[in-house]
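Here the structure comes first, spelled out in structure tokens, and everything after it is commentary.
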Amino acid sequence: MKGNIDFVVVGMGDLKGKKIVVTGGAGFIGFHLCKRLSGLTSNLTIYDNLSAGKMENVKDVGKARFVKGDILSLKKLFSVEKADLIYHLAAQVVVPYSMENPLIDFETNAKGTLQVLEKARKDDAKLVFASSAAVYGNPTQLPTTEDYGFHPVSCYGLSKVVGEEYCAMYKDQYGLDVTIVRFANVYGLRCHGVIHDFLDKIAIDPSKLEIIGTGLQSRDFVNISDVVDALLTVGSDESTSGKTYNIGFGTTTKIIDLAKLMLKILNLQDKTSITTTGVSWQGDITTIWFDISKTRKELNWNPKISLEDSIKEVIADRNLR
């Protein structure tokens, strides 16, 4: 508990009054981050083209300036008020789409990141870059540490590698203050992903639940509230400059076990049959399991919210909507 209190004091002190821009701020992670940031600064800008983000998320943040713009528009980016801190979350994040449309994926994730870096260089702003477990590919080291290296198996993962390498270049050559965070499977309210996909399928037909793939692929699920804690810490801590951090729960869960847990929570374990397609999508990863010891030690950060409690929260929220 002490660590959380320390974090709040440090985070509020270091971010209060700063001019902060969040690219992709109308998306899932962006919404939750901006909701918290709006209580720390009165100078928050959400920059989003709304291709995946939602205007509902912008409106629910409240105290923020909204700029509808694309990260591929350098002129638009440069027109945004000078920032002290930029969280770069805007991205094309769908792996199958990246395999079908590699050029679009590259434009958004690689070139787009380069343009945000130019905005940060122009403003002399700190940049926090949101990367992904996809840069590791199918690691032979489990749990996987930050120094494992790049082995992407999807165009999405490769585009994130390019983004990370540009961040490193800007740090080394221009002295830009850059921190990279690699997300595992982030979930929570307003999220899209396997938990919501399962709930959608069950709502249509509670007698069966089909899993894409074998069901034996496993993921490191981390709640959005814990992720935002880490993002705020990284944004406010000068010692994170030039460093990379895994943001996960530090455990891994097989998708078939996730399905069984959800059915148990819904009291459908004896009423719903689970089937699998046996074949996953191109570029899919077998196992995501982060070693988060570096993040724990250097950021004094520990994920607190369990998968079971979060699923119950998501189900309750969906029933209210």
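The C-beta contact set for segment 131-157 (first residue over 18 Å from Thr295 (Cα atoms) and touching a residue at least 40 places away in the same chain (Cβ under 8 Å), second residue among the charged types (D, E, K, R) and crowded, with 18+ Cβ neighbours inside 10 Å, distance under 7 angstrom, 6+ apart or interchain) comprises Ala134/Lys160; Cys155/Asp105; Tyr156/Asp105. In segment 247-258, is there at least one residue being crowded, with 18+ Cβ neighbours inside 10 Å, closer than 28 Å to Lys126 by Cα, of a type in the set (A, V, I, L, M, F, W, C) and under 25 Å from the mean Cα position of the chain (by Cα)? Yes: segment 247-258 contains one or more residues that are crowded, with 18+ Cβ neighbours inside 10 Å, closer than 28 Å to Lys126 by Cα, of a type in the set (A, V, I, L, M, F, W, C) and under 25 Å from the mean Cα position of the chain (by Cα).
Within segment 18-44, the set of residues being crowded, with 20+ Cβ neighbours inside 10 Å, at negative phi and either in a strand (DSSP E or B) or of a type in the set (Gly, Ala, Ser) (or both) comprises Ile20, Val21, Val22, Thr23, Gly25, Ala26, Gly27, Gly30, Leu44.
The number of residues in segment 46-66 that are out of contact with any Cys (no Cβ under 9 Å at 6 or more places or on another chain), of a type outside the set (Phe, Trp, Tyr) and over 12 Å from Gly24 (Cβ atoms) comes to 7. Please verify whether segment 97-115 includes one or more residues that are of a type in the set (Ser, Thr, Tyr), crowded, with 21+ Cβ neighbours inside 10 Å, in contact with a strand residue (DSSP E or B) (Cβ under 8 Å, 6 or more places away or on another chain) and not in a helix (DSSP H, G or I). No, segment 97-115 contains no residue that is of a type in the set (Ser, Thr, Tyr), crowded, with 21+ Cβ neighbours inside 10 Å, in contact with a strand residue (DSSP E or B) (Cβ under 8 Å, 6 or more places away or on another chain) and not in a helix (DSSP H, G or I).
Looking at segment 259-293, which of the residues that are part of a helix (DSSP H, G or I) and in contact with a helix residue (DSSP H, G or I) (Cβ under 7 Å, 6 or more places away or on another chain) is farthest from Val153 (Cα to Cα)? Even if it seems obvious, please write down each step before you answer.
Here is the first cut: in segment 259-293, the ones part of a helix (DSSP H, G or I) are 259-265, 293.
Okay, now just the ones that are also in contact with a helix residue (DSSP H, G or I) (Cβ under 7 Å, 6 or more places away or on another chain), so 259, 261-262, 265.
On the way: Ala259: 25, Leu261: 29, Met262: 29, Ile265: 34 Å.
Filtering first and then ranking leaves Ile265.
Within segment 45-69, if we keep just the residues that are of a type in the set (A, V, I, L, M) and assigned to a strand (DSSP E or B), the residue that is farthest from Ser79 (Cα to Cα) turns out to be Ile46.
Read the figures in this text as sums done on the coordinates, not as results from a lab. Note that the coordinates shown come from a computational prediction; the quantities given were computed from them, not determined experimentally. Neighbour counts run over all protein chains shown; Cβ positions are idealised from the backbone, glycine included.
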